[in-house]
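Worksheet: one structure, shown below.
The values are calculated or read from the model by the stated rules, or taken from the named source; none is laboratory data. Bear in mind that the values here come from a model prediction, so they are computed numbers and not experimental data. No Cβ is skipped: glycine too gets one built from the backbone with ideal geometry, and neighbour counts run over all protein chains shown.
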Amino acid sequence: MLLDRSEAWREALRKKYKNKDRVSLERVIMPEVAPSVRVLHQEVEVNCGLSMEAAQKEAIRCMDCANPTCISGCPVGINIPKFVKEVEKGDFIEASATLKDKSALPAVCGRVCPQEKQCEANCFYTLKMKKPAVAIGYLERFAADYARDHADQITLPSIKKNGHKVAAVGSGPASLSFAGDMIKRGYEVTVFEALHEIGGVLKYGIPEFRLPNDIVEHEIDNLRKLGVRFETNFVVGRTASFDDLREQGFEAFFVGSGAGLPRFMNIPGENLNGVFSANEYLTRVNLMGAYQDNSETPVLRGKRVAIIGGGNTAMDSVRTAKRLGAEKAMIVYRRSMEEIPARVEEVNHAIEEGVEFMCLHNPVAYFGDENGRVKSMKLQVMELGEADESGRRKPIPIEGKFEVIDIDLVIVSVGVSPNPLIPSCLPSIRTSKWGTVIVGEDNMQSDVKEVFAGGDIVRGGATVILAMGDGRKAAESMDTYLQK
């Protein structure tokens, strides 16, 4: 698979610099807003993006490998060397087009995808030279942002309708990716969203200091321009059943309704005022604007805030708490810093912003004051044993060793489960013991043949880009199913 590598302009670029000169270049550093400034503002994006000069200089580092292993690390299969070389050439609109050929949300992915575990982990620099990878994520963000700022230079593709009508349930990254692929194949696509805004976890789960809402809105508008229809305040299974939608002409369905049901630890005191799930806390702040002084949505603002968990959602929560005025915001995590699953960038940003980490601790009880508000928590001190099925060392309680610390707000971020509404509407659909929908790994098709599913309702909690990969795979499979 040459991936257009033999084109004359690609060959000319490869000859422009010797490989030793490309390798000698240092990886670009992303400019950031100073921690002392950004921690005061919920809407100030931390990363500032690359300048044109910095982006082209970084693109020079890519050696346009004959066997581009970076692509194998991309869940949606972007032709990474091609878009990077287009950046090097200065054809930024074409670089964006290459991204959009496979990804419905390049400006989103350039900001929140864990490239260090995916494409960049498979970069030649990482695998063979043990040097910092080409900054693929930074370049993706640059190209997507450039295209947004120069929208007048973009021509929409001509799409021939095929007469088939399909629906997506939920409007998160899996459904948006699915919708983008299906509309390009000529289908009439409608996305049904239960909330009042489109975007799913991109809107309610990820704070604006990581992913501004106007970035998400722009990507959604691009899908609207292609012809995707969006229906808000529409709960499939309540507003209309699947049978109702079939009667309206929908021939197949993609279920990407996510995993919005929070998990708790079932320990004493979890019912106290001031103990939130991360889902509720972030939704109040991100989607409902509770951080604004004139917001009608209330949110508790603690001075001593504990976030339980170590994933990206926990980091988003603790950094949000700092922005809401917490004097002490801490991550309580049962493993060590080395095992924290959150992105390295998120952890580093949290440390810069003054977040404290209480690793090798696990809450076992919360205590309240006379008004029923949480005031302290009891922590079990842990140590690490052998690695478990996740590959991380298993946390083991140290018998008899506890600590009690004062807190006035707790955000629990220990995982999520799928909303049980969809399976209850489709009794014949198979689900796992965790409530996730069971689908074919290769085709994302459920036991109900016209129903496909992907994202967190299948995975139970994963990254934006993995959900998008599911949406793309489901679109390809549904197209095959309907055309047969």
- prompt: Which ones in segment 277-322 are of a type in the set (F, W, Y) and surrounded by 24 or more Cβ atoms within 10 Å (Cβ to Cβ)?
  reply: Y281
- prompt: Which one of these does L13 not meet: (1) of a type outside the set (D, E, K, R); (2) in contact with a Lys or Arg (Cβ under 9 Å, 6 or more places away or on another chain); (3) part of a loop (DSSP other than H, G, I, E, B)?
  reply: (3)
task: Sort through V44, V108 and tell me the only one that's surrounded by fewer than 22 Cβ atoms within 10 Å (Cβ to Cβ) and assigned by TED's automatic domain parsing to the domain that holds L13.
output: V44
task: Any chance you could count how many residues in segment 193-202 are closer than 25 Å to V412 by Cβ and surrounded by 23 or more Cβ atoms within 10 Å (Cβ to Cβ)?
output: 4
- line: Going through segment 243-276 in order, the residues found to be surrounded by 14 or more Cβ atoms within 10 Å (Cβ to Cβ) and free of Cβ contacts under 8 Å to residues at least 12 places away in the same chain are R246
query: Does Q380 count as polar (S, T, N, Q) and in contact with an Asp or Glu (Cβ under 9 Å, 6 or more places away or on another chain)?
result: yes
task: Sort through S51, S96 and tell me the only one that's of a type in the set (S, T, N, Q), surrounded by fewer than 21 Cβ atoms within 10 Å (Cβ to Cβ), farther than 23 Å from P341 by Cα and not assigned by TED's automatic domain parsing to the domain that holds A174.
output: S51
message: Tell me whether segment 37-56 contains one or more residues that are assigned to a helix (DSSP H, G or I) and within 30 Å of A326 (Cβ to Cβ).
response: yes
- line: Sole miss for A66 among (1) out of contact with any helix residue (DSSP H, G or I) (no Cβ under 9 Å at 6 or more places or on another chain); (2) within 18 Å of H218 (Cβ to Cβ); (3) among the aliphatic types (A, V, I, L, M) is condition (2)
- line: The residue that is surrounded by the most Cβ atoms within 10 Å (Cβ to Cβ), considering only those in segment 340-390 that are among the β-branched types (V, I, T) and under 15 Å from I307 (Cα atoms), is V374
- request: Determine the pairs where a residue that is free of Cβ contacts under 8 Å to residues at least 12 places away in the same chain, located within segment 396-415, has a partner that is part of a strand (DSSP E or B) and surrounded by 13 or more Cβ atoms within 10 Å (Cβ to Cβ) with Cβ atoms under 7 Å apart, the partner being 6 or more residues away or on another chain.
  value: none
- prompt: Given the conditions (1) in a loop (DSSP other than H, G, I, E, B); (2) surrounded by fewer than 17 Cβ atoms within 10 Å (Cβ to Cβ); (3) in contact (Cβ under 8 Å) with a residue 24 or more places away in the chain, which single one is not true for N67?
  reply: (3)
task: Quick one: count up the residues across segment 192-220 that are within 19 Å of the chain's Cα centre (by Cα) and either farther than 30 Å from V33 by Cβ or not in a loop (DSSP other than H, G, I, E, B) (or both).
output: 13
message: Restricting to segment 208-242, and then to whatever is among the aromatic types (F, W, Y) and touching a strand residue (DSSP E or B) at 6+ places or on another chain (Cβ under 6 Å), can you tell me which residue is surrounded by the most Cβ atoms within 10 Å (Cβ to Cβ)?
response: F230
query: S158 versus (1) touching a residue at least 40 places away in the same chain (Cβ under 8 Å); (2) farther than 27 Å from V416 by Cα: which is the lone unmet condition?
result: (1)
